[in-house]
Each structure stands twice: as structure tokens, then as C-alpha cells.
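See structure below.
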Amino acid sequence: MNNQPVVHKFQQTTVSDKAYQAIREFIYKEAGINLGDSKQQLVSSRLTKRLKNNNLTSFDDYADLIQDSRNSQEQQMAIDLLTTNETYFFREAAHFDSLKTNVLQQHPKERLFRVWSAASSSGEEAYSIAMVLDDYFGNRVKWEIFGSDISSRIIKKASSGLYQAHRIDAIPKPFLKRYCRKGKGQYEGFLLVNNSLRDRTKFSEINLTRPLPEIGLFDVIFLRNVLIYFDNPTKEKIIQSLESKLRPGGILYIGHSESLKGMDIALSLIAPTTYQKK
Ligand SMILES: C[S@@+](CC[C@H](N)C(=O)[O-])C[C@H]1O[C@@H](n2cnc3c(N)ncnc32)[C@H](O)[C@@H]1O
């Protein structure tokens, strides 16, 4: 590597090589996220405001700050800002069709049906699943959804069930009518997911690279568009830990650009990006 610091300008704030390496190690250690060699620009654009907030003038000082475990609040803030939370309702729609036609149909009506949206981001995935379950099961089967993410900020947003109206394009019209309310007054331009779905959809902060808490077993786990941020050993560890939370015969959906090829896991590929626990 070149000895000169790679310096990127963003609103007069630069990220030296040394600071970048330290921040890169921090986010890998805390979240398993592999930033790669050249995301200085991303680090600068996302964290510059934290420098100002902490009255610091350099990323070297900020790196020192977040490496100290006594600054856990700032550590969480940095994790929140360095994660990518891009998501939308009914993203990768084929999984919702597969859920309906292959999974819900076979579920015995006496048993509670449980789904986990792991790495849920702001909740659009979890509420999309909720709409499909409510529509299919009606009052015949009890169901619940658990959503989790490493980012505390995004989990708060998910729990609120409140979204900007322009973000809801992919929700099928009949679902929009049945499961969402348009905001009025100060909530003009927003849309609220109905209580009937929010009551059955709970969110909690979970870091998938750490031992998982007691959350019970699930019929289906959605783990989509998060594996891309991890290296292979981290991916394998996460999948092994998630498969212990699947019922026998349970289903795992991963994102369309992700793969579990070559991993030592107890899951069989039954359709593209769809795995079943043996
Ligand atoms: C791109 S979003 C995907 C959201 C949704 N699953 C989807 O497909 O639209 C990735 C999410 O993974 C979360 N994430 C990243 N690292 C994580 C970790 N170690 N544990 C739990 N969540 C993590 C991020 O905070 C982010 O909200």
C-alpha cells in the first residue's frame, strides 16, 4: 500500500489511512461488516457530523473515541451511521409469492406461525410479510412476526410503523387500502401501518454476529440483503447460528444477489435463494 495517506475531501473533513484502517477494524469487530479497502468517501460522508458533534477536528481523534468501549453510545451511533439501511415494501417480490404458495398452504392451522425478519432495517420487509400472512390466514391461524436489526435508530423507526407516502409504491393497492392509513395534520404525507398488523409485529435490536438471545423457533426466516456486507467466515457463522432458530422443515430466504454456496450448513437449497432446514 502507498505510504501517503489517502485523503478524501468532504466538507473540509479528511480520512487518513490510519483513521480509515481503525474505523474499518471497528465496524468489522462490532458488526462483522467488511468495508473493503476504499470506502473512505463513505466513512467521511456518514461520520463527518459526528466529528462536529464531539468537537473533534480529525477522523484520527474520532477513531480513538470509538475504539474506547467506555464510549458505548458513540460506538452505537457510529454503527447506526455505517450500516446501509436501504429497503422497501415487497422488495424481491418472488419471496412473498413463494411464502404464500409453498409455505403458508402447508402450515397446520392449530400451530402459531412465526416469521423472523432478521436485519429488518426500518420494517418494510416485516410489514410486507404481515400483510401477506393476514391476507392468507385471516382468523384461521395465529401468527406473529419478529423483526430485528443491529441499528437502534432504525429499530425505533420500524416500531413506529410510520412511512413517507412516496415510499409505498410497491404495496399492492388492495393491501394499501386494507392495512394502511393516510396521515393527517402533522402526519400529512405519511402513512401508518394499521394497529392490527403492528400488534403482531415486534422489533428488537439484535447483532447477528453475537450469540442470539432466547427468541424461540421460527417457521420462516428472511435474511435478505445483509450477507453481502460480510466475509465468508462471518456469513457461515451467522447462518449456522440462524439455522438453530429454524424449526425442522423451516425456510430461510436470502437476497437475490447472495449465496450460501460451499458453506458447512444443515440447509438444502430448494429454489433460488430459498433454503430448507433438514
Ligand atoms: C440493506 S438492509 C436490508 C433490509 C431488508 N432485509 C431488505 O432486504 O430490504 C441491511 C440491514 O442489515 C443491518 N445489519 C448490518 N449488519 C448487521 C448485523 N451484524 N446484525 C444485524 N443487522 C445488521 C443493517 O443495519 C441494515 O438495516
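Worth a mention:
- Tallying residues that are of a type outside the set (G, A, S), surrounded by 18 or more Cβ atoms within 10 Å (Cβ to Cβ) and not in a helix (DSSP H, G or I) within the stretch 149-174 yields 5.
- Of the numbered criteria (1) more than 16 Å from the ligand (Cβ to nearest atom); (2) modelled with pLDDT of 95 or more; (3) over 28 Å from K237 (Cβ atoms), the one R70 fails is (3).
- Candidates L252, L192, L197 - the one that is closer than 25 Å to V141 by Cα, assigned to a helix (DSSP H, G or I) and hydrophobic (A, V, I, L, M, F, W, C): L197
- Yes/no for D199 being more than 16 Å from the ligand (Cβ to nearest atom), open to solvent by less than 30 Å² (accessible area, probe 1.4 Å) and charged (D, E, K, R): no
- Screening S128 on (1) in contact with a helix residue (DSSP H, G or I) (Cβ under 8 Å, 6 or more places away or on another chain); (2) within 16 Å of the ligand (Cβ to nearest atom); (3) in the same structural domain as N225 (by TED's automatic domain parsing); (4) open to solvent by 30 Å² or more (accessible area, probe 1.4 Å) shows it passes everything except condition (4).
- Matching residues in the stretch 75-89 - criterion: being assigned to a helix (DSSP H, G or I) and open to solvent by less than 40 Å² (accessible area, probe 1.4 Å): Q75, A78, I79, D80, L81, L82
- Unique residue being in a loop (DSSP other than H, G, I, E, B), at pLDDT 95 or above and within 12 Å of the ligand (Cβ to nearest atom) when the list is E92, E110: E92
- Any hit, the stretch 135-146, residues being touching a strand residue (DSSP E or B) at 6+ places or on another chain (Cβ under 8 Å) and of a type in the set (G, A, S): no
- Within the stretch 39-55, residues that are among the small types (G, A, S) have Cβ atoms under 6 Å from residues that are open to solvent by 50 Å² or more (accessible area, probe 1.4 Å) in these pairs: S44/H8; S44/F10; S45/F10, counting only partners at least 6 apart in sequence or on another chain.
- Output for the stretch 153-177, where each listed residue is at pLDDT 95 or above and either in contact with a His (Cβ under 6 Å, 6 or more places away or on another chain) or within 11 Å of the ligand (Cβ to nearest atom) (or both): I154, I155, K157, A158
- Contact map, the stretch 217-228: first residue aliphatic (A, V, I, L, M) and outside any strand (DSSP E or B), second residue modelled with pLDDT of 95 or more and near the ligand (Cβ under 9 Å from one of its atoms), Cβ cut-off under 8 Å, separation 6 or more or different chains; pairs are V226/A118; V226/A119; V226/L208; V226/G255; L227/I238; L227/G255; I228/G255.
- Within the stretch 207-242, being open to solvent by 10 Å² or more (accessible area, probe 1.4 Å), β-branched (V, I, T) and within 11 Å of the ligand (Cβ to nearest atom) holds for T209, V226, I228, T234.
The rows are residues; the columns are (1) within 29 Å of L176 (Cα to Cα); (2) of a type in the set (K, R); (3) modelled with pLDDT of 95 or more.
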| residue | (1), (2), (3) |
| --- | --- |
| L197 | yes, no, yes |
| R200 | yes, yes, yes |
| E205 | yes, no, yes |
| P213 | no, no, yes |
| F222 | yes, no, yes |
| I228 | no, no, yes |
| K235 | no, yes, yes |
| S244 | no, no, yes |
| K277 | no, yes, yes |
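- Against the numbered list (1) near the ligand (Cβ under 9 Å from one of its atoms); (2) within 13 Å of the chain's Cα centre (by Cα); (3) open to solvent by 10 Å² or more (accessible area, probe 1.4 Å), F146 comes up short only at (1).
The values are calculated or read from the model by the stated rules, or taken from the named source; none is laboratory data. No experiment lies behind these values; they were computed from the predicted model shown. Reconstructed Cβ throughout: ideal geometry from the backbone, glycine too, with neighbour counts over all protein chains shown. Surface accessibility is based on the protein's heavy atoms, side chains included, excluding ligands, DNA and RNA. Shrake-Rupley method; radii C 1.70, N 1.55, O 1.52, S 1.80 Å.
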